[in-house]
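Take a look at the structure set out below.
Since every read-out is calculated from the coordinates, none of them should be taken as a lab result. Since this is a predicted model, take the numbers as computed values, not measurements. Cβ sites come from the backbone with ideal geometry, for glycine too, and all protein chains shown count toward neighbours.
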Amino acid sequence: LTIETDIRKAIEREEFVIYYQPIVDILGDGQSKAGRLIGFEALLRWQHPTRGLVLPKEFVSIAEETGLIVQIDRWMLYKACQHLADWKVKFATHFPIKVNINLSVQDIRQGNLIEYIDQILAQIGLEGDCITLEITESMLIENISQTIDLLSQLKSRKIKISIDDFGTGYSSLNYLHRLPADNLKIDRSFVSQMQQGNRNYQVVSTIIALSNQLGLAVVAEGIETPQQLQWLQELGCEFGQGYLFSKPLSHQTVEALLTTSK
Ligand code: G
Ligand code: G
Ligand code: MN
Ligand code: NA
């Protein structure tokens with residue numbers, strides 16, 4: 001319960017910050033070479049007055065149980081869109097850079113998410129197509145019809161939908177073709193345990209083949225080694241994220257990166 005009180009105070013005092021992890025094009029094509037930055041995943045951090053930088057695993061599940069995550073995620077949406085609009089002006093040559101934002105099931109249940117998003121996009125002056133919302137398979141399964149309805153409304157605003165941690169949920173194959181999703185993120189547990197021809201390698205290979213057949217883009221998470229990158233490229237995975245490219249970066253470090261790579 002004291003953590004709940006602490007989270008409430010953190011919201012009031014604006015102690016949350018956003019770290020941004022680069023997402024890169026790992027295949028490239030005729031025009032662009034592999035390794036190009038295409039966007040960032042916005043990741044929540046708590047800049048705690050005494051504990052330092054606290055990671056989501058320490059507080060997100062309590063924020064979800066108490067419903068406080070809704071306020072936090074709305075702050076994330078607003079702040080990440082503000083940062084993006086700001087970067088668009090400062091670092092125009094890098095655009096279109098996109099931002100991915102994680103949602104929890106409570107955000108979807110709240111009801112007025114669409115109105116909130118319309119309001120911030122209008123206020124900040126951004127188009128929906130520069131944001132991707134990440135949702136997990138388990139969120140979909142809990143509320144399949146309500147979720148499909150919401151996703152369709154997001155799609156009509158050109159907001160992209162990503163299925164996060166793909167492969168860790170339940171029989172996703174049954175409904176995947178019904179979902180108005182744009183891409184899948186292969187869970188990092190599969191990527192980290194890939195070895196030529198082993199079970200994880202087969203799972204990754206199958207997810208990529210399936211995505212290609214369904215016309216979904218694929219992002220592999222948690223790429224840490226050149227070998228993993230090479231296998232993913234051979235399997236036709238278009239996008240990647242992971243420590244091999246970059247760990248999540250502070251706002252200040254993102255600006256330094258965009259400045260030097262202009
Ligand atoms: O940054 P890190 O890898 O520690 O994040 C762990 C998990 O925490 C992410 O996979 C994501 O599911 C969750 N998470 C991170 N940022 C947010 C956020 O802003 N909102 C919600 N709801 N979950 C987040
Ligand atoms: O749950 P979600 O996939 O949204 O969160 C991504 C999390 O994975 C973040 O907390 C981020 O810090 C972490 N992460 C990102 N890249 C790597 C990586 O290459 N290796 C490991 N171990 N973790 C990573
Ligand atoms: Mn995510
Ligand atoms: Na996640």
Extension gain (nm, one decimal) between H177 and T260, 0.36 nm per residue minus Cα-Cα:
25.7 nm
Can you figure out the FRET efficiency of Q153 with H48, using R₀ = 51 Å and their beta-carbon distance, to the nearest 0.05?
0.90
Distances over 30 Å make up what percent of all Cα-Cα pairs in the chain?
28 percent
Within the stretch 20-86, DSSP-loop trypsin sites (Lys or Arg not before Pro) with at most 12 other C-beta atoms within 10 Å are K33, R51
hull vol. (C-alpha, convex hull) per residue for the stretch 169-262, Å³ -> 129 Å³
Distance between the C-alpha centers of the stretch 34-94 and the stretch 124-167? Whole Å please.
17 Å
GluC sites (Glu not before Pro), restricted to the stretch 132-225: which are DSSP loop and have at most 15 other Cβ atoms within 10 Å?
E224
Quick one: work out the % antiparallel among DSSP beta bridges in the chain, nearest 5.
40 percent
Pairwise FRET efficiency - Q196 versus E12, Cβ, R0 = 51 Å, nearest 0.05:
0.45
Explain nothing, just compute: Karplus ³J(HN,Hα) = 6.51 cos²θ - 1.76 cosθ + 1.60, θ = phi - 60°, for every residue of the stretch 146-162 in order, whole Hz, x for Gly and Pro.
4, 5, 4, 4, 4, 4, 5, 5, 5, 4, 5, 9, 6, 6, 8, 10, 10
Which of the GluC sites (Glu not before Pro) found in the stretch 13-60 are loop residues per DSSP with 15 or fewer other Cβ atoms within 10 Å of their Cβ?
E14
Which one of L84, L53, L37 has the biggest mean-square fluctuation once the chain is modelled by GNM with Cα springs under 10 Å?
L53
Could you work out which residue, out of T168, T136, T93, moves most in a Gaussian network model of the chain, that is, has the largest mean-square fluctuation with Cα springs under 10 Å?
T93
Can you work out ³J(HN,Hα) from phi for every residue in the stretch 199-213, in order, using Karplus 6.51 cos²θ - 1.76 cosθ + 1.60 and θ = phi - 60°, giving whole Hz and x for Gly and Pro?
4, 5, 4, 5, 4, 4, 4, 5, 4, 5, 5, 4, 4, 4, 5
Kindly work out what percent of the DSSP beta bridges joining two residues of the stretch 99-188 are antiparallel, to the nearest 5.
0 percent
Set Lys and Arg Cβ to +1 and Asp and Glu Cβ to -1, take the dipole of the stretch 2-260 about its Cα centre, and tell me which of I38, L113, I144 lies farthest positive.
I38
Quick one: what are the phi-derived ³J(HN,Hα) couplings along the stretch 90-100, Karplus 6.51/-1.76/1.60 with θ = phi - 60°, whole Hz, x for glycine and proline?
6, 10, 3, 5, 7, 7, x, 8, 10, 10, 9
With springs only between Cα atoms under 10 Å, which of Q110, Q21, Q31 fluctuates most in a Gaussian network model of the chain?
Q31
Which length gain, in nm to one decimal place, applies between S32 and E58 when the Cα-Cα distance is subtracted from 0.36 nm times their residue separation?
5.4 nm
Taking the Cβ of each residue in V105, V204 as the centre, tally the other Cβ atoms inside 10 Å and list the residues starting with the fewest.
V105, V204
